1. Looking at residue B:86, is it surrounded by 17 or more Cβ atoms within 10 Å (Cβ to Cβ), within 13 Å of chain A (Cβ to nearest Cβ), in a strand (DSSP E or B) and modelled with pLDDT under 90?
2. Within the bounds of the range B:92-110, is there any residue that is within 14 Å of another protein chain (Cβ to nearest Cβ) and farther than 17 Å from residue B:26 by Cβ?
3. Taking the criterion of being among the β-branched types (Val, Ile, Thr) and touching a Cys at 6+ places or on another chain (Cβ under 7 Å), would at least one residue in the range B:55-65 satisfy it?
4. In the range A:47-65, how many are exposed (fewer than 15 other Cβ atoms within 10 Å of the Cβ) and modelled with pLDDT of 80 or more?
5. Check off (1) within 20 Å of residue A:238 (Cβ to Cβ); (2) more than 11 Å from the chain's Cα centre (by Cα) for residue A:107 and give me the number that stays unchecked.
6. Scanning the range B:68-83 for residues that are β-branched (Val, Ile, Thr) and modelled with pLDDT of 85 or more, which turns out surrounded by the most Cβ atoms within 10 Å (Cβ to Cβ)?
7. For the range B:7-35, what are the residues that are touching a residue at least 40 places away in the same chain (Cβ under 8 Å) and over 23 Å from residue A:41 (Cβ atoms)?
8. Can you tell me which residue among A:216, A:263 is in contact with an Asp or Glu (Cβ under 7 Å, 6 or more places away or on another chain) and either of a type outside the set (A, V, I, L, M, F, W, C) or touching a residue at least 24 places away in the same chain (Cβ under 8 Å) (or both)?
Amino acid sequence: MPNLNDLKLRISSVKSTQKITSAMKMVAAAKLRRAQEQAEASRPYAERMERMLGSLAASAGKQPGASPLLVGTGKDDVHLLIVAAADRGLCGGFNSNIVKEARNKANALIRAGKTVKIFCVGRKSRDQLRRSFRENIVGTLEDVAKPSLGFDKAATVADRVLAMFKAGEFDVCTVFYAKFKSVISQVPTAQQLIPFEAEGAAEAPALSEGGIYDYEPSDEKILSDLLPRNIAVQIFKAMLENNASEHGARMSAMDNATRNAGEMIDRLSIQYNRTRQANITNELIEIISAKEAL
Amino acid sequence: MAKEQVEFELVSPEKLLFSQSVDMVVVPGEDGDFGVLPRHAPMISTVRPGVIAIYSGKEVSERIFVAGGFAEVTGERCTVLAEIALRVGEIDKAAVKQQLQDAKEDLSDAKDDAARDAARKQIGLSEAMLNAAG
């Protein structure tokens, strides 16, 4: 029979775990609100950037000698995967889902005889990918959201990526992150950065509203400024979405954990009470039988 | 008939900073400042570090410093995408001077071209900021 004291200890330990998980849930909820606001606030920039780029790409992309950032290097031998996940765990399947998506892609590419390079954003993506793709990892960025998630962090990643691209170290670049749909649903997404793929290629009619643009100084010059910037912006967008998703995932994971702890406490309390009653009954039987023996 | 105005929007990667109808804006383009009035010909331009002046009537109502970016102009709208933007009155001169000093030291300490370029860019930015603050 379980010892009463042991049961008591277990109940109190589960109770303190529950306190921690419910506090984490509260913190995640507060952070989620901020992250969501930030993600929403950044949308106008990305949207307008996309609109500009769309109309530029439509006019300049067809010319010979267009930037390789736009049309690619003409090869697809070496792939760079930017895997953006969180720095911390305890957020359900959030990190594993992103990593799984990236791992599947990497395995498929390797099977197809391509070279794969991986850039990890976030400590968890590095930790998980290091096991199977140790020699493919070319760089990592940690502490993404510390002290706050700023554009400069995305710019650092973008600079690294662009430097590698210029040095001809890869042909195609894809970023993996979790798109924030709602608190309970985050969708791991792969988005191709290089060569540029307009998300809504059909949005070209943006031209019709203002007619054909004049470019100052020249369309190639603007395009060569805009394309690298766009990469930083897209990475930033991925990071913001990821941040919101992470807190959403953590919130629901911690909610579940709190509920599970509650159930466990109920079960243990019942067991504790049963044991206590059994002990009392035993003692009574002992007293009675001792009396009868006299 | 109401007076025609331009929808002016200033956006940074972090948020939408400014969005309202104005009479005229003057944007520091790469090839020189340009003013945007209603029914301006559509164009896209790069923006150098400098000051965007917003006019209401003939008066400058607001001056905002931007550290480079892009401007998209259509007949009724003017959108500026900027990396850093702050009101001219909010520029902290002492801090900028310090930055300029640091950048100059970086330039003399720089070992490779990339570091030199970064330092030069920072110097240009800080100088433009000081000019803007007057």
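The values are calculated or read from the model by the stated rules, or taken from the named source; none is laboratory data. From a predicted model like this one, the values you see are computed outputs, not experimental measurements. Every residue, glycine among them, receives a Cβ derived from its backbone with ideal geometry; neighbour counts consider all protein chains shown.
1. No, not satisfied.
2. no
3. Taking every residue of the range B:55-65 in turn, none turns out to be among the β-branched types (Val, Ile, Thr) and touching a Cys at 6+ places or on another chain (Cβ under 7 Å).
4. Adding up the residues that qualify gives 1.
5. Going through the list (1) within 20 Å of residue A:238 (Cβ to Cβ); (2) more than 11 Å from the chain's Cα centre (by Cα), residue A:107 breaks only (1).
6. Restricting to residues being β-branched (Val, Ile, Thr) and modelled with pLDDT of 85 or more, the top hit is B:80.
7. At the first step, the residues of the range B:7-35 found to be touching a residue at least 40 places away in the same chain (Cβ under 8 Å) are B:7-13, B:17-18, B:25, B:27, B:29.
If the condition is that a residue be touching a residue at least 40 places away in the same chain (Cβ under 8 Å) and over 23 Å from residue A:41 (Cβ atoms), then B:29 is the only one that fits.
8. Going through A:216, A:263 in turn, the sole match is A:216.
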